[in-house]
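The values are calculated or read from the model by the stated rules, or taken from the named source; none is laboratory data. This structure is a prediction, so every number in the text was calculated from the model and none was measured. Note: ideal-geometry Cβ built from the backbone for every residue, glycine included; neighbour counts use all protein chains shown. Heads up: the accessible areas ignore ligands, DNA and RNA and are worked out on the full protein's heavy atoms, side chains in. Shrake-Rupley method; radii C 1.70, N 1.55, O 1.52, S 1.80 Å.
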Amino acid sequence: MSSHLNHYLRLVKVLEQLKREGDLEMGPKLMNRIIDAQLHGELTPEEVLQLTGRIHLWLEERERQFSSQEFQMKKLLRAMERDDKRLNRIKKKP
């Protein structure tokens with residue numbers, strides 16, 4: 001296994017550990033870097049397919065999670081709790 005493949009494989013593994021909604025933008029950026037690596041002769045087409053396939057699966061899983069009603073409801077409840085806490089702090093100020 002080439003050192004370039006190992007490097008990008010480690011990056012994909014780190015990406016797969018990310019859980020926040022804002023992390024979704026990292027997937028396409030990493031895919032672009034992997035494709036650039038192929039253009040520079042660092043990765044073979046098969047390696048690129050393997051890596052981008054894993055990224056694509058991660059993106060699909062995250063998008064499914066973030067678009068689910070359960071996630072949206074939790075997000076709404078957290079926002080309401082933050083607003084309640086903020087209002088309580090404002091009321092407590094002299």
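Among residues of the stretch 14-27 being loosely packed, with under 12 Cβ neighbours inside 10 Å and assigned to a helix (DSSP H, G or I), the one that is modelled with the lowest pLDDT is GLY22. The residue pairs whose first member lies in the stretch 44-70 and is over 18 Å from ARG20 (Cβ atoms), whose second member is of a type in the set (Val, Ile, Thr) and surrounded by 13 or more Cβ atoms within 10 Å (Cβ to Cβ), and whose beta carbons are closer than 8 Å, counting only pairs six or more residues apart or on different chains, are VAL48/ILE34; VAL48/ILE35; LEU51/VAL12; LEU51/ILE34; THR52/ILE34; THR52/ILE35; ARG54/VAL12.
Scanning the stretch 1-13 for residues being open to solvent by 60 Å² or more (accessible area, probe 1.4 Å) and assigned to a helix (DSSP H, G or I) gives a total of 5. Within the stretch 50-67, the set of residues being open to solvent by 60 Å² or more (accessible area, probe 1.4 Å) and not hydroxyl-bearing (Ser, Thr, Tyr) comprises GLN50, ARG54, HIS56, LEU57, GLU60, GLU61, GLU63, ARG64, GLN65.
In this structure, does GLU47 turn out to be open to solvent by less than 40 Å² (accessible area, probe 1.4 Å), of a type in the set (Asp, Glu) and part of a helix (DSSP H, G or I)? In short, yes. All conditions in (1) closer than 22 Å to ASN6 by Cα; (2) part of a helix (DSSP H, G or I); (3) open to solvent by less than 90 Å² (accessible area, probe 1.4 Å) hold for GLU42, with the sole exception of (2). Considering only the stretch 68-88, I want to know if a residue exists there that is touching a Gly at 6+ places or on another chain (Cβ under 6 Å) and surrounded by 10 or more Cβ atoms within 10 Å (Cβ to Cβ). No, there is no match, as no residue in the stretch 68-88 is touching a Gly at 6+ places or on another chain (Cβ under 6 Å) and surrounded by 10 or more Cβ atoms within 10 Å (Cβ to Cβ).
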